[in-house]
1. Does at least one position in the range 77-84 carry a residue that is at pLDDT 85 or above and within 34 Å of the chain's Cα centre (by Cα)?
2. Taking residue 95 as meeting all but one of (1) surrounded by 12 or more Cβ atoms within 10 Å (Cβ to Cβ); (2) at pLDDT below 85, write down the number of the exception.
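The values are calculated or read from the model by the stated rules, or taken from the named source; none is laboratory data. Quick caveat, the model's predicted, so the values are computed rather than measured. With ideal geometry, Cβ positions are generated from the backbone for all residues, glycine too; neighbour counts draw on all protein chains shown.
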Amino acid sequence: MSRDKRAPESEAAAPMAADARLEAMRRHIRLSRLAVLTTIAADLIALGVATTSTPPTVEAATPAKPNTVRTTVSAADPAGYVQLLVSAWLRSNADDATSAQARLAQSMAPDVELPQPAAGGQPTAQFVTAVRRVRASRGR
């Protein structure tokens, strides 16, 4: 071939590099498809194995003795209610009947009067704790 009919070397190298990049992209796509198809096939095989295997049998445990049912009604312990009432009553004041503590004490025991503030008296109680309860008589 004559020199005039041949392409310059820089033009000949460009199509070869483009062909190599195109081939690399095709190879990458083929490998990606193969990975996706392999994952789908593995999932289908795992699903088939899971559905065809027999599940383990589980037996319910029988109770050793029957459950006892409580038929008697026990009286509720009033210590918590009394503790809350005494705490609200001690923190309330007859001069300020609209305070939250005074309203709470009046709602829990409407017929109990609120305490009168004493001149030079002790500050209000911070904590009230029920220490002991004693049953005065039956039902009280």
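1. Taking the range 77-84 and keeping what is at pLDDT 85 or above, we get none.
No, the conditions are met nowhere in the range 77-84.
2. Unmet for residue 95, out of (1) surrounded by 12 or more Cβ atoms within 10 Å (Cβ to Cβ); (2) at pLDDT below 85: (1).
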